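Trainee: Below is a structure I'd like to ask you about.
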Amino acid sequence: MEIDLLLRDADVLTLDDAHPRGRAVAVHQGRVLAVLDDEELPAGVRARRVVGAGGATVVPGFDDAHQHAAWFGQSLAEIPLAGLPDLDALYDAVAERAAGLAPDAFVVGSGYDDVALGGSPERRALDRAGGGRPVWLKHRSAHVCAVSTEVLRRAGVLDGSAAVPAGGVVVVDDDGDPTGVLLEAAQALAGDLLRPYSVEDLTDAIASATAVFAAQGLTHVTEAGIGGGWIGRSPRELAAYQLARERGDLAVRVDLMPETSVLHDVPGGPGRGLDLGLRPGLGDLDLRIGPMKIFFDGALSSRTAAMHEPFADREHAGYLGDDPEVLHAAVVEAVSGGWTVAAHAIGDRAVDAALDAFEDAAVRPWPGVRPPRHRLEHAGVVGDAALVRLAALGVTPIPQARFLYEIGDSMAAAVGDERADLLYRHASFLRAGLRVPASSDRPCVGDGHPLRGIRSMVQRRTSSGRTLGPDEAVDAETALRASTVDAAWIAGDEDVRGRLAPGFAADLVVLGDDVTRVDHDRIGDIEVVATLRGGRATHGADVLGLPPDGETS
Ligand SMILES: [Zn+2]
């Protein structure tokens, strides 16, 4: 027998309890045939290609359980506003980009941080910098944006003809004049002027994004909101992913979460769904329909998360994304219609509201063969009582440890010292018997590199050096499991990928160092030497001497 590939001279961390470490991986037809201890193939078996990893570490491919690929791909072409020192630098960056554009063209930037800049961008300053063009700048949290006067005019805000979407706020000054800052769903007033993006443009964005993912060792991601709402890119968004796949430009496997507004009553009931009765699970390991995504609230950094008690530095306690009854019914109706639900809930009030809905939905289930694995996206502030309910309901928290580094100081200021240890918990969830799949929420907030996420799970350090919830830290192997085994589990793939075991997908990463043994400070800088998805190189093909992905091996 001749097999496709033998990857040898490797330190293989399988994350398979039956066989934790090995020296070589035998791959055939996209799957792991065996992990070998001695690099010797059984008698009568030879490999068409034998590749030496030079002693490098091999782990299962990384998985990001919550990110936004098309959006991230688009942001790669926008003015990068992260890390600018002050507002003048931001206005200069806008002016520089605007100078190269047509007089009526949109100027789009992303990643600004009002705290670092000393304030939000001002509308009239954006008018000057953009030469009167529509300027749309997205906050790093993705829950706030700042726009120029021309955007407000086109959107109908200035003449009062705009309908502000539920859950959105057009911020005004003391005179009632719009400042140009739009919160949460009101961001659609700007975004809708450009949406829906064309399928072609989105396909290109998905290709750029997933190429970055592959270079960072990712082999699977879940897209947390397509098709509608202020996060959706187009009602035809699924078509862009499908086209990217057909073109060979989808460098990772993808699950897609339709945003709640695209679900509707479908004749033949029960519950709410998509046309033709489309449900999660349809598709294959490369591209598949995932859960329904719904927003119960906003974010801590923008003080739009829904809290039981006011923010420590504000007079208010944030707000829910819609009327509680509407959100509740949306979850129950979706579950009745056969949907797994991914509820975005950051503030403790939003967490409780989402859990109420899950509790109600549990008694009106779809007659499916498999119980749905509902998810609480972010789970930003979870007290012990809510934690017990999460565990009892079997709802999986999807926190983003990297937020602690990127915006941890701002989040801690938002909730105050007493609640700071409840931020983005991890070890407590595990102790309660829950799994904690890793995710980044890229491009929201910041760096989506999976190794930087692992470092944050281990260290829980903010950018200023403060450690938030030290008791919630986990060891590096647990963090690695979150990024592989547990992220595969939440997608329902625990028997087919996420570990390096016989019969599992040959999704793996070759790393320059061992995540579980290197100094914690260095985890985020470990080199991603190569990435294989289904046994084919999506990154580092030249280093390993393999044909690039898409070519027959
Ligand atoms: Zn998100």
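The values are calculated or read from the model by the stated rules, or taken from the named source; none is laboratory data. Here the structure is a predicted model, which means the values were calculated and not measured. Cβ coordinates were reconstructed from backbone atoms using ideal geometry, including for glycine residues, and neighbour counts include every protein chain displayed.
Trainee: Got a sec? Which of G535, G492, G524, G503 is at positive phi and buried (at least 18 other Cβ atoms within 10 Å of the Cβ)?
Mentor: Being at positive phi and buried (at least 18 other Cβ atoms within 10 Å of the Cβ) holds for just one of G535, G492, G524, G503, which is G535.
Trainee: Just give me the residues in the stretch 43-75 being farther than 17 Å from L5 by Cα and among the charged types (D, E, K, R), in sequence order.
Mentor: Selection gives D63, D64.
Trainee: Now for a different question. Right, A343: within 17 Å of E472 (Cα to Cα), within 15 Å of the ligand (Cβ to nearest atom) and hydrophobic (A, V, I, L, M, F, W, C) or not?
Mentor: no
Trainee: In addition: Condition check: within 16 Å of the ligand (Cβ to nearest atom), closer than 27 Å to V254 by Cβ and of a type outside the set (K, R). Does A65 satisfy that?
Mentor: Criteria met by A65.
Trainee: Taking only the stretch 428-464 into account, find how many residues are over 27 Å from R389 (Cα atoms), charged (D, E, K, R) and in a helix (DSSP H, G or I).
Mentor: Counting residues in the stretch 428-464 that are over 27 Å from R389 (Cα atoms), charged (D, E, K, R) and in a helix (DSSP H, G or I) gives 2.
Trainee: Report the residue count in the stretch 13-48 for those that are in contact with a Gly (Cβ under 8 Å, 6 or more places away or on another chain) and basic (K, R).
Mentor: Looking only at that region, the number is 1.
Trainee: Here are T210, T149, T222, T179: which of them is under 22 Å from G290 (Cβ atoms) and either surrounded by fewer than 17 Cβ atoms within 10 Å (Cβ to Cβ) or away from the ligand (no atom under 16 Å from the Cβ) (or both)?
Mentor: Of the residues listed, the single one that is under 22 Å from G290 (Cβ atoms) and either surrounded by fewer than 17 Cβ atoms within 10 Å (Cβ to Cβ) or away from the ligand (no atom under 16 Å from the Cβ) (or both) is T210.
Trainee: Give the stretch 522-546 a look and list any residue that's without any contact (Cβ under 8 Å) to a residue 12 or more places away in the chain and of a type in the set (D, E, K, R), or say none.
Mentor: Across the stretch 522-546, the qualifying residues are R522, D542.
Trainee: Okay, next question. Within the stretch 316-332, can one find any residue that is of a type in the set (S, T, Y), farther than 21 Å from A491 by Cα and surrounded by fewer than 21 Cβ atoms within 10 Å (Cβ to Cβ)?
Mentor: Taking every residue of the stretch 316-332 in turn, at least one turns out to be of a type in the set (S, T, Y), farther than 21 Å from A491 by Cα and surrounded by fewer than 21 Cβ atoms within 10 Å (Cβ to Cβ).
Trainee: When both residues are 6+ apart or on different chains and their Cβ atoms are under 7 Å apart, which pairs have a first residue that lies in the stretch 78-92 and is surrounded by 13 or more Cβ atoms within 10 Å (Cβ to Cβ), and a second that is among the basic types (K, R)?
Mentor: I79/R97; A82/R140
Trainee: Among the listed residues A334, A353, A385, A343, which satisfies the condition of being over 13 Å from I294 (Cβ atoms) and of a type in the set (A, V, I, L, M)?
Mentor: The conditions single out A385.
Trainee: Same structure again: Within the stretch 201-220, is there a residue that is part of a strand (DSSP E or B), closer than 25 Å to R442 by Cβ, at pLDDT 95 or above and among the hydroxyl-bearing types (S, T, Y)?
Mentor: yes
Trainee: So, restricting to helices (runs of 4 or more DSSP H) that lie completely within the stretch 88-157, which ones have at least 3 residues that are in contact with a Ser or Thr (Cβ under 7 Å, 6 or more places away or on another chain)?
Mentor: Passing ranges, in order: 123-129.
Trainee: While we're looking at this one, here's another question. Any residue that is within 25 Å of G394 (Cα to Cα), within 16 Å of the ligand (Cβ to nearest atom) and either of a type in the set (G, A, S) or assigned to a loop (DSSP other than H, G, I, E, B) (or both) - is there at least one of those in the stretch 472-486?
Mentor: Checking the stretch 472-486: not a single residue is within 25 Å of G394 (Cα to Cα), within 16 Å of the ligand (Cβ to nearest atom) and either of a type in the set (G, A, S) or assigned to a loop (DSSP other than H, G, I, E, B) (or both).
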